[in-house]
Amino acid sequence: MSTPATRSRENTRARLLEAAAQVFAEVGLDGASVEAVCERAGFTRGAFYSNFESKDELFLMLAASVSDVRVRGVRTRVEELTAEGALVEGCDPIELVQQIMELGGDDRLGVMLLSEIRIRALRDAKFGEAYLAQESEMVASIAQIIDDIVSVSALKLRLPAETAARMLMILWEGMTVRGAMAGQDDAQLRQAGSEQLGRLVQLIIES
């Protein structure tokens, strides 16, 4: 059972993450200073450093939070589709992926955040190592969802679930980055990304 102190700490971290997302959306990673995040959240620098070692840790956690929300939403949608009997032999992969990915959320924020974090990771080996470890956890989560889909459906994969998960993640991120560059809104980003994921799924699934 969580204590009042634990709940207070969790609330502080959540408010700092929310403030970081808002400041980042306005000024980017470099412009989002600790002071700006603290001011937006209504906390002191002391409160910040009692929860995060650095701005790098904060934004890695923010990126993980954005990705985790997406993965949890996908997992919930898969459970709903399973209950509805949608995962059956002969189902259209493109339509299936579109149904799974029709989630709300600020995809443009995620695209910009991850893009800037990758640039930071390329310049800083330690930061890059932390980012890659976090990415591996994300791939494992996606692979588990794929395994869950296969276990309740007639679908069979041509390759291991983890390999499929990484391919799907790379394609999704590539499509959303290019869509964001082209000025697509969140709905357009999801539609374009889902269509391409569906085509890749067609190649991954045994016919």
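Taken over region 20-57, the criterion of being over 21 Å from the mean Cα position of the chain (by Cα) and polar (S, T, N, Q) is satisfied by Ser33, Thr44, Ser50, Asn51, Ser54.
Yes/no per residue for (1) small (Gly, Ala, Ser); (2) under 30 Å from Leu87 (Cβ atoms); (3) exposed (fewer than 15 other Cβ atoms within 10 Å of the Cβ):
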residue	(1), (2), (3)
Val139	no, yes, no
Val150	no, yes, no
Leu155	no, yes, no
Leu159	no, yes, yes
Ala192	yes, yes, no
Gly198	yes, yes, no
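The listed residues are Met101, Met112, Met61, and the only one of them that is within 20 Å of Ile149 (Cα to Cα) and not aromatic (Phe, Trp, Tyr) turns out to be Met101. Among the residues of region 170-182, those that are under 20 Å from Val74 (Cα atoms) and either surrounded by fewer than 18 Cβ atoms within 10 Å (Cβ to Cβ) or not assigned by TED's automatic domain parsing to the domain that holds Leu81 (or both) comprise Ile170, Leu171, Glu173, Gly174, Val177. When you scan region 70-82, do you find a residue that is more than 18 Å from Ala20 (Cβ to Cβ), in a helix (DSSP H, G or I), modelled with pLDDT under 85 and of a type in the set (Ser, Thr, Tyr), even just one? Yes, the conditions are met somewhere in region 70-82. When Leu62 is tested against the conditions (1) surrounded by fewer than 19 Cβ atoms within 10 Å (Cβ to Cβ); (2) in contact (Cβ under 8 Å) with a residue 40 or more places away in the chain, the lone failure is (1).
Of all helices (runs of 4 or more DSSP H) completely enclosed by region 1-68, which ones contain at least 3 residues that are of a type in the set (Ser, Thr, Tyr), farther than 23 Å from Met138 by Cα and modelled with pLDDT under 90?
Values: elements: 4-31, 34-41, 45-49.
Those helices (runs of 4 or more DSSP H) do not exist here; none qualify.
Contact annotation: residue pairs with Cβ atoms under 7 Å, 6 or more positions apart or on different chains, pairing a residue in region 1-24 that is outside the structural domain of Asp107 (by TED's automatic domain parsing) with a partner that is hydroxyl-bearing (Ser, Thr, Tyr) and modelled with pLDDT of 85 or more, are Leu17/Ser65.
Only residues that are of a type outside the set (S, T, N, Q) and either in contact with a Cys (Cβ under 9 Å, 6 or more places away or on another chain) or surrounded by 19 or more Cβ atoms within 10 Å (Cβ to Cβ) (or both): list them for region 30-45, please. Result: Ala32, Val37, Cys38, Ala41, Arg45. When Gly85 is tested against (1) free of Cβ contacts under 8 Å to residues at least 60 places away in the same chain; (2) in the same structural domain as Ser141 (by TED's automatic domain parsing); (3) of a type outside the set (A, V, I, L, M, F, W, C); (4) at negative phi, just one condition goes unmet, and that condition is (4).
Taking region 83-125 as the range and being within 21 Å of Ala20 (Cα to Cα), surrounded by 17 or more Cβ atoms within 10 Å (Cβ to Cβ) and at pLDDT below 75 as the test, only Asp107 passes.
Considering region 93-207, the qualifying helices (runs of 4 or more DSSP H), each wholly inside and each with 1 or more residues that are under 26 Å from Val27 (Cα atoms), run over 107-123, 125-151, 161-181, 186-204.
The values are calculated or read from the model by the stated rules, or taken from the named source; none is laboratory data. Nothing here was measured: the structure is a model prediction, and the numbers come from that model. Cβ coordinates were reconstructed from backbone atoms using ideal geometry, including for glycine residues, and neighbour counts include every protein chain displayed.
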